[in-house]
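Below: the structure, in structure tokens.
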Amino acid sequence: MFSTYILISREKQKTYTGHTDNLKRRLIEHNSGRSTFSKRHVPWIVLYEELFETKKESIKKERYFKSAAGRRWIKKNLFNNK
């Protein structure tokens with residue numbers, strides 16, 4: 001299984017979107033400063049996760065979330081903005 005995930009920084013209210021085959025491991029990597037962008041905004045918590053059968057599907061969803069339409073979906077559905 002693969003997942004597309006959205007993290008939120010507790011301190012800075014920044015979000016990070018990615019995909020992985022092991023979210024627990026990936027969250028540890030983000031919070032330990034192994035990722036260039038995410039190390040500036042630790043600690044991270046999982047805001048959203050969606051599971052997929054294939055890596056290709058997971059990447060497709062990640063790209064959607066990084067698009068303008070996907071960012072609007074995130075604001076509307078995860079932050080309850082209207």
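Points worth noting:
- Share of Cα-Cα pairs in the chain lying beyond 18 Å, as whole percent: 41 percent
- Cα Rg over Rh - region 1-42, Kirkwood: 0.95
- The chain - mean residue ellipticity at 222 nm from DSSP helices (-39,500 (n - 2.57) per run, n ≥ 4, rounded to 500): -11000 deg cm²/dmol
- Lys, Arg +1 and Asp, Glu -1 on Cβ, resulting dipole of the chain about Cα centre, debye, nearest 20: 400 debye
- Tensor-based shape of region 36-82 (alpha-carbon gyration tensor, a/c under 1.5 rounded, otherwise prolate or oblate): oblate
- Listed residues 3, 67 arranged by accessible area, highest first, probe 1.4 Å: 67, 3
- Distance between the modelled labels on residue 49 and residue 63, one decimal in nanometres: 2.5 nm (7 Å Cα→Cβ projection).
The values are calculated or read from the model by the stated rules, or taken from the named source; none is laboratory data. Just so it is clear, the structure is predicted and the values come from calculations on it, not from any experiment. Positions of Cβ are generated from backbone atoms using ideal geometry, with glycine treated the same way; all protein chains shown enter the neighbour counts. For accessibility, only protein heavy atoms count, side chains too; no ligands or nucleic acids. Shrake-Rupley method; radii C 1.70, N 1.55, O 1.52, S 1.80 Å.
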